[in-house]
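Only the coordinates and a few stated rules stand behind these numbers; no lab work does. Note that the structure is predicted; figures quoted are calculated from it, not measured. No Cβ is skipped: glycine too gets one built from the backbone with ideal geometry, and neighbour counts run over all protein chains shown.
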Amino acid sequence: MSKKNTPGKIQEHLKDLNRWLPYKKGMCDTCEGLCCYMPVEVMTPDLIRLGILAEFHLELSEKEQIKDALRHPGVLRYTPSTSKFTLTQKPDGSCFFLDANKRCTQYETRPDTCRNHPKIGPRPGFCAYMKKE
Ligand code: SF4
Ligand code: SF4
């Protein structure tokens, strides 16, 4: 991350949905990658694809799936009301799976939430685009 686009500025920008821009192809090339600084909610099949849970977990109880998922440092919590897990964010707000070069270390197996952004998200069709400084 550049010195100008501090974690504080990124979080401020993410929260202000009025500043989000309509998504256009190619925007990601010059973006600071703000979609990887939002809390990511995922389902059990996402965790299986990520290798955090295994296929056999589908045969186990929900309680056992949750217990095993939460053992992984990349999974922060489980929310019973939505039956979703939330991925861990690092102290700067970035996703547990984002590396120092701002690349997703799980790109091929990334969760549906990431694949569907920004079509589905806090402001569908809009992005918290922030130019790389
Ligand atoms: S916030 Fe939008 S423009 Fe930026 S990397 Fe994510 S999808 Fe691309
Ligand atoms: S899993 Fe990958 S694409 Fe999804 S938020 Fe994390 S780093 Fe970004």
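Report the gain in length on full extension from Asp92 to Lys4: 0.36 nm times residue separation, minus Cα-Cα distance, nm rounded to one decimal.
This chain segment gains 30.3 nm when fully extended.
So the label point goes 7 Å from the Cα of Lys67 along Cα→C-beta, right? Which residues of segment 29-57 then have their backbone N under 20 Å from it?
44-45, 47-48, 52-57
Which distance in Å, rounded to a whole number, links the C-alpha centroids of segment 18-97 and segment 102-126?
Taking the Cα centre of each part, segment 18-97 and segment 102-126 sit 10 Å apart.
Using 0.36 nm per residue, how much length does the chain from Lys119 to Met27 gain when fully extended, once their Cα-Cα distance is taken away?
Stretched fully, the Lys119-Met27 segment lengthens by 31.7 nm.
Tell me, what is the percent relative contact order of segment 1-119, built from C-alpha pairs under 8 Å that lie six or more residues apart?
Worked out over segment 1-119, it gives 29 percent.
Which pairs, out of Lys4/Lys119; Lys9/Lys63; Lys9/Lys67; Lys25/Lys102; Lys90/Lys119, put more than 30 Å between their alpha-carbon atoms?
Lys9/Lys63; Lys9/Lys67
How long are the semi-axes of the equivalent ellipsoid of the chain, taking √(5λ) for every eigenvalue λ of the Cα gyration tensor, in whole Å from largest down?
In descending order the semi-axes read 28, 15, 13 Å.
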